[in-house]
Each structure stands twice: as structure tokens, then as C-alpha cells.
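**Student:** Could you have a look at this structure, given as C-alpha cells, before my questions?
Nothing in this text is a laboratory measurement; each read-out follows from the coordinates by a stated rule. Nothing here was measured: the structure is a model prediction, and the numbers come from that model. Cβ sites come from the backbone with ideal geometry, for glycine too, and all protein chains shown count toward neighbours.
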Amino acid sequence: MKINKSYIVLGLIIAFTLIFELVAHADAGDQLSIVTFSAPIQIPGQVLPAGTYSFKLANSDSDRNIVQVFNADRTVLYATLQTITAQRQEPTDDTAVTFAEQGAGKPEVLLKWFYPGRETGNEFLYSKEKEKELAQDRQHTIVANQHAVPDSDTTGAGN
């Protein structure tokens with residue numbers, strides 16, 4: 001039985017959409033984005049299980065390329081990651097993340113994170129060997145649905 005490649009691709013797209021339910025919240029001061037992943041994702045140095053995470057710029061006036069990854073309520077720091085500036089042609093009104101698909105049985109790899117309304121974002125750094133592998137993988141960007149974040153404190157961190 002011969003299966004048309006377009007049906008396989010369509011099936012993968014539908015399956016991926018169902019696996020990655022992405023919901024985000026954002027705060028402009030530190031670019032706090034609360035993102036929920038319905039499947040594990042890989043970040044530099046580790047794999048995060050499915051769940052809700054807070055991505056934000058570290059409190060550094062001199063270097064806006066350090067991203068911190070916390071649990072949803074920001075009580076556990078999972079990673080502090082050096083990034084480089086990433087560009088996109090059209091900003092979106094919502095948080096956007098770019099992934100590389102590694103193949104069956106492997107988690108998606110988080111490549112880029114863009115804060116709503118910005119053309120510049122953060123590209124995560126991987127080893128040269130890993131970057132070569134990721135360059136061969138299919139990449140796609142997901143734009144999250146935004147929900148307002150109440151500014152409930154004076155630190156600019158939001159909820």
C-alpha cells in the first residue's frame with residue numbers, strides 16, 4: 001500500500017498541534033512569558049517535562065540576552081541560559097516560540113523565544129555539534145494565545 005507523503009505531513013502537523021497546546025502570558029518589563037507545554041521540550045542542558053514554565057529576561061541592565069526558566073509561580077529556577085539576538089520579519093501580538101523536530105520519541109528542541117510585539121527575540125545556544133543536528137531538523141514556530149497579566153506587584157514581574 002502506497003501512502004501519499006502529503007497525508008503523512010498533514011497527519012504530523014495535526015498530531016503536533018494536538019501535542020503542543022501552547023498558552024502564554026506576558027509582562028513587558030522583564031518580558032515575562034508564562035508558557036504551558038503539553039509535551040516535554042528540550043532546552044540547552046536539559047529536558048523539561050510537560051507543564052507550565054515562566055520564561056523571563058534576567059535582571060541585568062548590561063546584558064539582555066540572559067533568559068531564566070522557572071516553574072509557573074517562579075519559585076524554582078530550572079535554568080539560566082545565555083542567548084543571542086534573534087530576528088523575525090513580522091512581530092505578533094502574542095508570545096512565539098520556534099522548535100526543531102528531532103524525530104519520533106525525542107522531545108522538540110526550543111530554539112527561539114519572541115516576546116509579543118517585538119521583532120527581536122532570544123535564540124538559545126546549543127553546542128556546535130547539536131546546532132549542526134538541529135539545522136537538519138524541520139523547524140516551526142508556534143504563536144501562543146495571550147492572556148492579560150495583572151501587574152500585582154511593583155517589581156514588574158507580574159503573574
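**Student:** Of the listed peptides 93-105, 124-136, what is their order by residue-averaged count of other C-beta atoms within 10 Å, with the highest listed first?
**Tutor:** My ranking of the peptides, most packed first, is 93-105, 124-136.
**Student:** A follow-up question, please. Along the Cα-to-C-beta direction of residue 38, a point sits 7 Å from the Cα; which residues of the stretch 88-104 have their amide N less than 17 Å from that point?
**Tutor:** 97
**Student:** If the only charges are +1 at each Lys and Arg Cβ and -1 at each Asp and Glu Cβ, what is the size of the charge dipole of the stretch 46-133 around the Cα centre, to the nearest 20 debye?
**Tutor:** 200 debye
**Student:** Once the piece of chain linking residue 52 and residue 66 is laid out straight, how much longer is it, given 0.36 nm per residue of separation minus the C-alpha distance between them?
**Tutor:** Working: separation 14, 0.36 × 14 = 5.04 nm, distance 1.98 nm.
Gain on extension, residue 52 to residue 66, equals 3.1 nm.
**Student:** Roughly how many nanometres apart are two label points built 7 Å out from the Cα toward the Cβ at residue 73 and residue 141?
**Tutor:** With each label placed 7 Å out from Cα toward Cβ, I get 3.4 nm.
**Student:** Treat each spin label as a single point 7 Å out from the Cα along the C-beta direction, and report the residue 104 to residue 127 distance in nm.
**Tutor:** 2.6 nm
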